[in-house]
Amino acid sequence: MSSFSHIRVPAALALGLLTACAKPQHPTVGAALDVIPRVEFNTRAAEHFLPFFWREDANGDGALQPAEFAVLWGLPDDAASLWVDAAGAFTPRFLAAYAMLQAPAAGDAPRRLQLVREELAQSAPTLVRTDLSADSAAERAMVGHLMQAATMVERLFARQKGSFGLDAGIPKDDAASRALFHRNQSPFCEAPKTENDPLCSAIEPKPANRSGLYPADIQDTPGFCQRLEKAPNADALRDHFSIVRAGAKPGEFVAVPYTEAWKDDMTATAQALDAAADALGATEPALVAYLRAAAASFRSNDWEPANRAWKAMNADNSRWYLRVGPDEVYADPCAWKAGFALQLARINHDSVQWQTRLEPLKGAMEQEIAKLAGAPYKVRDVNFALPDFIDIVINAGDQRSASGAIVGQSLPNWGPVALAGGRTVSMTNLYTDPDSNARRATQAAALFCKATDAAYQPTGKESVLDSLLHEAAHNLGPSHDYAVAGRTAPVAFGGPLASTLEELKAQNSALWLTGYLVTKGVFTADEHRRILREGITWAFGHISRGMYAADGTPRNYSQLAAIQVGSFLDAGALAWHDAETAANGLDKGCLTIDFDALPAAVAQLEKQVLVIKSRADRKSAEALKARYVDAKDRYAGIKDTIATRYLRTPKATFVYSVAMP
Ligand SMILES: [Zn+2]
């Protein structure tokens, strides 16, 4: 830290005095802004809850220039003009902030504040930037209105989480706690090293975690969801688009539609969506139709018309992707109520090329998968749309995670549009920035031995293809609704194990199909191996999160990743070498991939999983889980090592910047 402590910005700026000058001139800074290295600058700005980001050191001079700078959406003071003036120079206010960032954080902070900083440090701000300078004025105006809608959606989501307004209790000068509250959309810690510490909280004392979807007092009793399930009006109480409130009589509960419970915020969101439609005028008719329908749904609480208009948009009739409304149930302790989210993206036209190449092979892929699955599964007519590729502009509300982001999604979850096939997207611009690439390389070099690390390194498109095939494979072979003797997968296997198996099928099929698609000329042998390597490092990432959440809930992705890696180790396609040093030259013990042997190991696991699903063979599924997820053996030690080395590198917290000329 000491090397950052010398101050090169004039003291007057550091004190903010120049901001008061009547005739501001471009301040002559004593030296370039080269005191704080780029990654450190971004970390400190985040900890101080400042809305900016040093994108990259484009000219390699180690100093921050306005052209390398981005202002972030959704934080206080996020108007670009506050930080860079009309002439393109940093404002005195920015220079004062820079000077403040040079001072290291006080080391003697109270324990709670130290934990808050530790929580923040476990994921690094990672920029998603969109440049609208080549878009029309109408589109820029539309995005402006959608940014307002996004802010309203975040208010609604905060009301759902029960965190709305709690940040009023954070002192103004406690920037780190305000940053945590904003990032996590709650006062609570979520990162692996701090989530279980009772002192870790943005608010002192730590409040009880009470969802805004149910009466607070009933949440004190464990099993309150089951209690509601037994109520005479349980169907209404479980409704996806209503909250539960206490009724007139003691012990009675009533459902209140979102549109009644939060009428003002719902209406304000609808108005912003209408304004976005107005701004577009006659351009983008499919998107305009969706904006109008979504606005109407925010007023009526009937989400089906919006779903229909949403499904009618595609990569051919719109340059944009937008989804706004209540969708996923992850934030509800009872997993019934849909959380509000807004996702704005641009269509990435690479998807059209992949759709064209894979579309004619859908039936053949299903036949191959069905062959491996065997009886009683029968090949079916597969009629699904391959995912659209989208480049994210803004994630808000339930889509804006404290760390990481959803990279593939099929919606809607319910209703006629869902039953008819919905729409699937792959998010293609996440994890493609220079910071994500550098972190991935650091993690791989900590686990792979030297030769493996150097071979088939990612070019940037592998993760997208992996996730494209993963999403497609959910539609192939036996899925959740496939039934053996009338029993669907969740009934035959139990909910959590069924989910793990379905995700295992999708992910392992992605790797297996890559090999199959080599024989069809879709991929080269070299691309095949790069995608396999990507699949292995993807699995490491999920293994590092641990097999179970703090409350004992199984982590489906972590478990399937453990089954893959363990099974490939048993097959000899992966090998752990205790005596060898990892490619980073630091860590003793490392892993090698035998690329000649890996495809057969993938095929072996593929057959095993598909047969289990085809026959609804719960015993074999449980054995697979016992062997690779729960056993306390040498492999458990390897999984721990993977986690230890991966967690040294922070995860990504995505932050969003929209550049408007
Ligand atoms: Zn999946």
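The values are calculated or read from the model by the stated rules, or taken from the named source; none is laboratory data. On a predicted model such as this, the values are computed, not experimentally measured, just so you know. Cβ placement follows ideal geometry from the backbone for every residue including glycine, while neighbour counts extend to all protein chains displayed. The accessibility values were calculated without ligands, DNA or RNA, using every heavy atom of the protein model including side chains. Shrake-Rupley method; radii C 1.70, N 1.55, O 1.52, S 1.80 Å.
Here the gap between THR432 and ALA636, fully extended at 0.36 nm per residue and compared with their Cα-Cα distance, gives a gain of 70.3 nm. Label-to-label distance, TYR548 versus THR488, with points set 7 angstrom from Cα along the beta-carbon direction: 2.7 nm.
Between amide H atoms placed 1.01 Å from N, distances below 5 Å from TYR482 occur with ALA489, all of them 5 or more places distant or on a separate chain. Taking the centroid of alpha carbons for each part, region 442-499 and region 209-260 are 36 Å apart. I want to verify the translational diffusion coefficient of region 507-652 in µm²/s; compute it with Stokes-Einstein, Rh as the Kirkwood radius over Cα pairs, at 10 °C and 1.306 mPa s. Once the numbers are plugged in, D ends up at 98 µm²/s. Placing a label point 7 Å from the Cα of GLU56 along the Cα-to-Cβ direction, none of the residues of region 133-169 has a backbone N under 13 Å of that point.
What FRET efficiency would be calculated for the residue pair ASP235, ASN317, taking the C-beta separation as r and a Förster radius of 41 Å, to the nearest 0.05? Before the final figure, lay out each step's value.
Details: r = 37 Å, r/R0 = 0.91.
FRET efficiency, ASP235 to ASN317: 0.65.
Surface exposure of the chain, expressed per residue as accessible area with a 1.4 Å probe, stands at 42 Å².
Charge dipole (Cα centre; +1 on Lys/Arg Cβ, -1 on Asp/Glu Cβ; no other charges) of the chain amounts to roughly 940 debye. Quick one: putting +1 on the C-beta of Lys and Arg, -1 on the C-beta of Asp and Glu, what dipole do you get for region 515-575 around its Cα centre, in Debye to the nearest 20? Value, rounded to 20: 80 debye.
Could you check how much of the accessible area of the chain is carbon and sulfur, as a whole percent, using a 1.4 Å probe?
Here carbon and sulfur together make up 55 percent of the probe-accessible area.
Comparing Cα centroids, region 277-315 and region 519-588 end up 41 angstrom apart. If you bin all the Cα-Cα distances of the chain at 20 Å, starting from zero, the percentages per bin are 17, 50, 31, 3, 0. The value given for region 195-261 is a Kirkwood hydrodynamic radius of 13.5 Å, derived from the mean inverse Cα-Cα separation.
Taking amide hydrogens as placed 1.01 Å from N in the peptide plane, the amide H of SER123 sits under 5 Å from those of LYS651, each at least 5 positions away in sequence or on another chain.
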